[in-house]
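Asks: One structure, pasted below without further comment.
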Amino acid sequence: MKRNFFVWKKIFVRLVHLVLILFVTGNLLIQDNSELHAALFSQKYAYVIGYVSLAYASILFYFLTCFVDPGYVKRDENSSNPQQIPSNSDIRLRYCEVCNLEQPIRSRHCIDCNRCVKKFDHHCVWLATCVGEKNHRYFWLFLLSTEALIVWSLIITWKAFRQSDSMGRWLALNLVYAMNMNVLLISFLACISLLIMHTYFMIHNTTTWELFSRRNITYLRTIKDTKVNPFHESYFRNIVLFFCACRTVKWENVYTRFKNRNLDPNESSDSERETRPMEIEVSSD
Ligand SMILES: [Zn+2]
Ligand SMILES: [Zn+2]
């Protein structure tokens, strides 16, 4: 019953997204006062192909984010590799009772997906899936292409409004464009704020969960300087790792390297005392 509800919820939100994109772009293509419609009929195909390609890219990256495995932790992956923690590290992995496995560092159990996700970012209600290690890049590309599409559509819509002396007649003439404008303005604000946030996460090698729940995550809480991110090595490397789909990073190694680089005898003994019972503790929210 609950499973069916989640399946229908997924189908519903994805259909709503598709209908909204097709509604806005379709209106601009068929309404005779729009620049896009004029370009189509005056054979300015470069303009039309550019716009349609951008709409296609936005839809493609949306569904790639939805259907690519976000980085679910597989049980055999862990049991076959019990030595995943470096020998010179005191990291202790948290055990997920639901998935029945040890969570790699930076992973978290998602209640909606009912799975543990590597480098967990957040569970996105608009995509009805988790954003994690393997689909974060597609999510960022989805935000970028969608934001570009929204800005282009806003310009076309703005130019398409017709003038009129009376309010009633103006509304009758511009009803479709007014509806487009509402959808576009709300989407613009949501999308630009997410794009800025996730560009920051990409450059700094952090996640929504790590940024906003830092004090509940023991491997971050034990670092006294709250501005320090143990997974940040260089901006260039962070961006390469973010987009690189060909290899999986062992964050335990990166974390251990950071700890060894920044070993302060006093801080070490304090944090050791504090973290011994459970090295990686995650919040239950
Ligand atoms: Zn789990
Ligand atoms: Zn999820």
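Asks: Within the range 186-250, which trypsin sites (Lys or Arg not before Pro) sit in a loop by DSSP and count at most 15 neighbouring Cβ atoms inside 10 Å?
Replies: Lys224, Lys227, Arg247, Lys250
Asks: Arg115's amide H: which non-local residues (gap 5+, or another chain) put their own amide H closer than 5 Å, with H modeled 1.01 Å from N in plane and none for Pro or chain starts?
Replies: Counting only residues 5 or more places away or on other chains, the set is Cys110.
Asks: Given axes a ≥ b ≥ c from the Cα gyration tensor, I'd like to know whether the range 181-254 is rounded (a/c under 1.5), prolate (a/b larger than b/c) or oblate.
Replies: Taking the square roots of the gyration eigenvalues as a ≥ b ≥ c, the range 181-254 is oblate.
Asks: Can you sort Asp69, Asp121, Asp225 by how many other beta carbons sit within 10 Å, fewest first?
Replies: Ranked by crowding around the Cβ, least crowded first: Asp225, Asp69, Asp121.
Asks: Defining a contact as two alpha carbons under 8 Å apart and six or more residues distant in sequence, what relative contact order in percent does the chain show?
Replies: 20 percent
Asks: Mind putting a number on the dipole of the chain about its Cα centre? Charges go on the C-beta only, +1 for Lys and Arg and -1 for Asp and Glu, and I need it in Debye to the nearest 20.
Replies: 340 debye
Asks: I'd like the Karplus ³J(HN,Hα) series for the range 206-211: coefficients 6.51, -1.76, 1.60, θ = phi - 60°, whole numbers in Hz, and an x wherever there's a Gly or Pro.
Replies: Once θ is set to phi - 60°, the couplings for the range 206-211 become 9, 9, 4, 4, 5, 6 Hz.
Asks: Taking only Cα atoms, what is the 0 to 90° angle, nearest 10, from helix 265-275's long axis to the longest principal axis of the chain?
Replies: For 265-275 against the chain, the angle is about 80 degrees.
Asks: Among Pro230, Ser53, Trp170, whose Cα sits farthest toward the positive end of the charge dipole of the chain (+1 at Cβ of Lys/Arg, -1 at Cβ of Asp/Glu, about the Cα centre)?
Replies: Checking the options against the dipole of the chain, the answer is Ser53.
Asks: Relative to the longest principal axis of the chain, what angle (0 to 90°, nearest 10) does the C-alpha long axis of helix 167-204 take?
Replies: Result, in degrees: 20.
Asks: As I understand it, the value is the acute angle between the Cα axis of helix 136-160 and the longest principal axis of the Cα atoms of the chain; what does it come to in degrees, rounded to 10?
Replies: Helix 136-160 and the main axis of the chain meet at about 20 degrees.
Asks: Going by a ≥ b ≥ c, the root eigenvalues of the Cα gyration tensor, does the range 124-168 fall in the rounded group (a/c under 1.5), the prolate group (a/b larger than b/c) or the oblate group?
Replies: oblate
Asks: Can you list, largest first and rounded to whole Å, the semi-axes you get for the range 100-182 by taking the square root of 5 times each eigenvalue of its Cα gyration tensor?
Replies: For the range 100-182, the ellipsoid semi-axes come out as 45, 14, 6 Å.
Asks: Under the rule a/c < 1.5 gives rounded, and otherwise a/b versus b/c splits prolate from oblate, where does the range 120-246 land using the Cα gyration tensor?
Replies: Prolate shape, in that a/c is at least 1.5 and a/b is the bigger ratio.
Asks: While we're here: Could you give P(r) for the chain, binned at 10 Å from zero, as whole percent values over all Cα-Cα pairs?
Replies: Answer for the chain: a P(r) of 6, 24, 27, 19, 13, 8, 3, 1 percent.
Asks: With 26 Å as the limit, write out which pairs from Lys74/Lys224; Lys10/Lys250; Lys119/Lys224 have Cα-Cα distances beyond it, or answer none.
Replies: Lys74/Lys224; Lys10/Lys250, as the Cα separations exceed 26 Å there.
Read the figures in this text as sums done on the coordinates, not as results from a lab. The model shown is predicted, which means the values in this text are computed figures rather than measured ones. No Cβ is skipped: glycine too gets one built from the backbone with ideal geometry, and neighbour counts run over all protein chains shown.
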